[in-house]
Amino acid sequence: MTVDIFANHAHVFPRECRPEGSIEALLKLMDACQIKRAVAFAPFIDEVHDLGIDPNEWLARELEKHNSICGFGTIDLSKSDPARQAEAIANLGFKGVKLHPAYQRFNILADKLLDFYAAAEGLGLILCFHLGVHWHRIKDYHPLLCDELAYFYPNLKFTMEHVGGLSFFLDALAVLTNNLRTGNIYAGITSVLNTNQNLLWYLGPERMELLASLIGSSHMIFGLDFPYNGVAEVQEAIDVIQELELTAEDKAKILGGNLARLLDGSD
């Protein structure tokens, strides 16, 4: 069975600040790993501050030339208008927003983000949360906070990237299974299948098969973590997924079918 791989979770940057993370470099990786489409995240504001550009507007302009890449925006938490930022991201044609509570130093349930979540829910934006140990106070980004988020915003769709990593896999699994009734939370299979790096997040094939048995393959989405993973790491993860004790249909869902359905708004 031929699989059209549609991968989530690529961080891209202007060549001036990170040439190995440019859109051109991403396209080369996609070609090497036979990935048909990918979701690319705009840089966080501090990563392009010295260039004096708006990261979302930059990405929107760049993607006018690349129809194989779908854009997700980021928000600037130094500003007081996150809900308006959600509207601006949607108006750029983006389908979602990347959020990194540890890197951006915010609590998932912070008061200043509540209007943003309501706006994202109403606009149909998909949120991608980094969830895995990342050298910031864990109380701000513990996966169990996502259960509260799902409770207060029952129509908000989001991914739990890295499925909490090795440290919080069971907590993330609890949130995922607890919210199967609404089905709006997805396990981000990103940087969890590489044996030579990212060991803090390594989950391995047995946990992937456990995930599929408990939440269903329809709630698992493959991600790249480009440029932190290169061709070797991405191909390793794809090979592991292809070798799981799952049906060909299940593997096709994980490797792109679920993401395509989610972004098309039919899920």
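The values are calculated or read from the model by the stated rules, or taken from the named source; none is laboratory data. Please read these numbers as outputs of a predicted model, since none were measured by experiment. Positions of Cβ are backbone-derived with ideal geometry, glycine not excepted, and every protein chain shown enters the neighbour counts.
With the structure loaded, tell me whether Ser217 is within 20 Å of Ala38 (Cα to Cα) and over 15 Å from the mean Cα position of the chain (by Cα) or whether it fails that test. Lay out the reasoning, then the answer.
Working: within 20 Å of Ala38 (Cα to Cα): yes; over 15 Å from the mean Cα position of the chain (by Cα): yes.
Here the answer is yes, as Ser217 does meet what is asked.
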Residue satisfying all of: in segment 166-211; within 21 Å of Gln235 (Cβ to Cβ) and β-branched (Val, Ile, Thr); surrounded by the fewest Cβ atoms within 10 Å (Cβ to Cβ) among these: Thr195
Filter result (surrounded by fewer than 19 Cβ atoms within 10 Å (Cβ to Cβ) and not in a loop (DSSP other than H, G, I, E, B)) within segment 61-82: Arg61, Glu62
Members of segment 132-154 found to be touching a residue at least 24 places away in the same chain (Cβ under 8 Å) and either among the polar types (S, T, N, Q) or part of a loop (DSSP other than H, G, I, E, B) (or both), listed by number: Gly132, Val133, His134, Trp135, His136, Tyr141, His142, Pro143, Leu144, Tyr153, Pro154
From Glu16, Glu57, Glu20, residue being more than 27 Å from Gly257 (Cβ to Cβ), among the acidic types (Asp, Glu) and at pLDDT below 95: Glu16
Hits in segment 155-190 - residues which are of a type in the set (A, V, I, L, M, F, W, C), under 22 Å from Ser213 (Cβ atoms) and not in a strand (DSSP E or B): Val163, Leu166, Phe168, Phe169, Leu170, Ala172, Leu173, Ala174, Val175, Leu176, Leu180
Verdict on Leu262 being over 21 Å from Lys28 (Cα atoms), touching a residue at least 60 places away in the same chain (Cβ under 8 Å) and either among the aliphatic types (A, V, I, L, M) or surrounded by fewer than 19 Cβ atoms within 10 Å (Cβ to Cβ) (or both): yes
Selection count where residues are in a helix (DSSP H, G or I) and either out of contact with any Phe, Trp or Tyr (no Cβ under 8 Å at 6 or more places or on another chain) or of a type in the set (D, E, K, R) (or both), scope segment 26-50: 10
So Val240, is it touching a Cys at 6+ places or on another chain (Cβ under 6 Å), closer than 22 Å to Cys33 by Cα and at pLDDT 95 or above: no
Top-ranked residue in segment 29-45 [being surrounded by 13 or more Cβ atoms within 10 Å (Cβ to Cβ) and among the charged types (D, E, K, R); ranked as nearest to the chain's Cα centre (by Cα)]: Arg37
Failed item, numbered, when Glu245 is tested on (1) touching a helix residue (DSSP H, G or I) at 6+ places or on another chain (Cβ under 8 Å); (2) surrounded by fewer than 16 Cβ atoms within 10 Å (Cβ to Cβ); (3) part of a helix (DSSP H, G or I); (4) of a type in the set (D, E, K, R): (3)
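Per-residue answers, yes or no, for (1) charged (D, E, K, R); (2) in contact (Cβ under 8 Å) with a residue 24 or more places away in the chain; (3) more than 24 Å from Lys28 (Cβ to Cβ):
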residue: Ala172; (1), (2), (3): no, yes, yes
residue: Ser191; (1), (2), (3): no, yes, no
residue: Glu206; (1), (2), (3): yes, no, yes
residue: Ala212; (1), (2), (3): no, yes, yes
residue: Met220; (1), (2), (3): no, yes, yes
residue: Gly230; (1), (2), (3): no, yes, no
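Among Asn56, Asn8, which is under 19 Å from the mean Cα position of the chain (by Cα) and outside any helix (DSSP H, G or I)?
Result of the check over Asn56, Asn8: Asn8.
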